[in-house]
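First up is the structure itself, then whatever we jot down about it.
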């Protein structure tokens, strides 16, 4: 079995400052640097982020789309130049913007 010296009179050079410190007062940082206890900096929490599971991407019981279905989509926009201006002054009689939208058709069958 290997036996090492105690190092009670030994000095070691700090990797951060380059100064000589007692060997027994040196500690190793998370990045492998050997520094004195007065220079020690612990690892920042942002360097070791938490585990975030991925979002699910598919449905469990997915069904394919039925071929032959049509969906109508339309948007009617009525705007009478609402951003008019007279130089740097806005026009007082701005018109309102009106947006109408619809999706598909509704069929009602009464039997």
> Can you name the residue in segment 7-19 that is under 43 Å from the mean Cα position of the chain (by Cα) and farther than 10 Å from residue 34 by Cα and, of all such residues, is surrounded by the fewest Cβ atoms within 10 Å (Cβ to Cβ)?
Replying inline: 18
> (1) part of a loop (DSSP other than H, G, I, E, B); (2) at pLDDT below 90; (3) surrounded by 10 or more Cβ atoms within 10 Å (Cβ to Cβ): which one isn't true of residue 102, the others all being true?
Replying inline: (1)
>> Being farther than 30 Å from residue 107 by Cβ, loosely packed, with under 10 Cβ neighbours inside 10 Å and in contact (Cβ under 8 Å) with a residue 12 or more places away in the chain is the requirement here; does residue 43 meet it?
In response: no
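The values are calculated or read from the model by the stated rules, or taken from the named source; none is laboratory data. Quantities reported herein were computed from a predicted structural model and do not represent experimental measurements. Ideal geometry is used to build each Cβ from the backbone, glycine not excepted, and the neighbour counts take in all protein chains shown.
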